[in-house]
1. Exposure proxy check: Lys201, Lys262 ranked by fewest other beta carbons within 10 Å?
2. With a sphere of radius 15 Å drawn around the Cβ of Glu220, what net charge do the other residues whose Cβ falls strictly inside it have (Lys, Arg +1; Asp, Glu -1)?
3. Taking the Cα centre of the chain as the origin and placing charges on Cβ (Lys, Arg +1; Asp, Glu -1), which of Pro200, Thr110, Pro7 is farthest toward the positive end of the dipole?
4. Hey, of (i) 46, 46, 44; (ii) 81, 50, 35; (iii) 74, 48, 44, which did the structure itself give for Cα extents along the principal axes in Å when calculated?
5. Could you tell me the number of lysine pairs in the chain with C-alpha atoms less than 25 Å from each other, where the two lysines are 8 or more residues apart or belong to different chains?
6. How big is the dipole moment of the chain about its Cα centre under a simple scheme where the beta carbon of each Lys and Arg is +1, that of each Asp and Glu is -1, and everything else is neutral? Debye, nearest 20, please.
7. Over the range 1-112, what is the mean sequence separation of C-alpha contacts under 8 Å (at least six apart), divided by residue count, expressed as relative contact order in percent?
8. Do you know the relative contact order of the chain, to the nearest whole percent, from alpha carbon pairs under 8 angstrom that are 6+ apart?
Amino acid sequence: MTDDRIPIGISACLLGQEVRFDGGHERDRFLTDVLGDYVRWVGVCPEFGAGMGVPRETLRLVGNGEGMRLLGNRSDDDVTDAVLAYARAHVNRLTSMRLRGFVLKNNSPTCGMEMVRVYNGNGVPARTGTGLYARLLLERFPLLPVEDDGRLVDPRIRENFMTRVFAYDRWLRLLDSDPRPRDVVAFHTAHKMLILAHSPKHYRALGTLVAKAGLLPMDELLHKYEFELMNALKQIASPGRHFNVLQHLAGFLKEDLEDTDKKELHSLFQDYRSGRVPLIAPIVLLYHHLKHLKDDWVDAQVYLQPFPHELGLRSSI
């Protein structure tokens, strides 16, 4: 029996595994209890994996750039080489897993994605670093959706991350189908409004690229499309851009709605843009009207449901 859940990497402590320095964990209930139904988690703890026990001495990053070292806080023991050796081997193994995303533990000297404390020669810290494992991960998979648990507390960042994860899953499934140019065109058509909500600049670039489908070598087309798509979706969609997309989709209804329905719909759009209601409110009403159109282009738009609605992500933005 195949497991169709989306594979996502994660710092193991966020799953509730007791691998932290103090023998504890940092279980994230959204990740395990809500998202867990849709995800096959691939857990890692670089410190534990490198052979450091539980409990263990806390670590700190010292130095800068390529000279960054990972030292014990009490002993000053240098564990950099051991952790890097494990990290390189683990990141290499991830290649065959074709992850759709990764959730890292914030502030960790191994897993922290950004703003990790780095100490200079005088012992003064600055939040300028990236954990040793996280740095290798980001270098190897530059288009992979990656966030840390601290940033995911922000509803807009959480919604953006899950949008990217599910879009990347759809893209990789397309690649597995041995696509032809027309399949890339169909994929782009379905994602047009989603891309526009995130980045009009990338929307235009992707439109120009897809117009060359069948003319470019297929490998080049797929490589360039993936690069532009994932960079587009990395931009967090603003209320103003969502508003514009909602208006665009509502344009398909201009001949089918009574004036009172039009006023109700556009009033709800304004309420969303002004912050009085969450995005899910206009989406639900708009979808209610659009589903009666039986328009193939509209029906295909991923924007209306870019991830399972049970996640409730658009109820908070």
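Derivation of every value follows stated rules applied to the coordinates shown; laboratory data play no part. This one's a predicted model, so the numbers in the text were calculated from it and none came from an experiment. Note that we place each Cβ from the backbone using ideal geometry, even for glycine, and neighbour counts take in every protein chain shown.
1. Least crowded to most crowded, the residues run Lys201, Lys262.
2. Here the charged neighbours net out to 0.
3. My answer, from the dipole projection, is Pro200.
4. Correct label is (iii).
5. Step by step, the pairs that qualify in the chain add up to 23.
6. 560 debye
7. Relative contact order comes out at 30 percent.
8. Answer for the chain is 13 percent.
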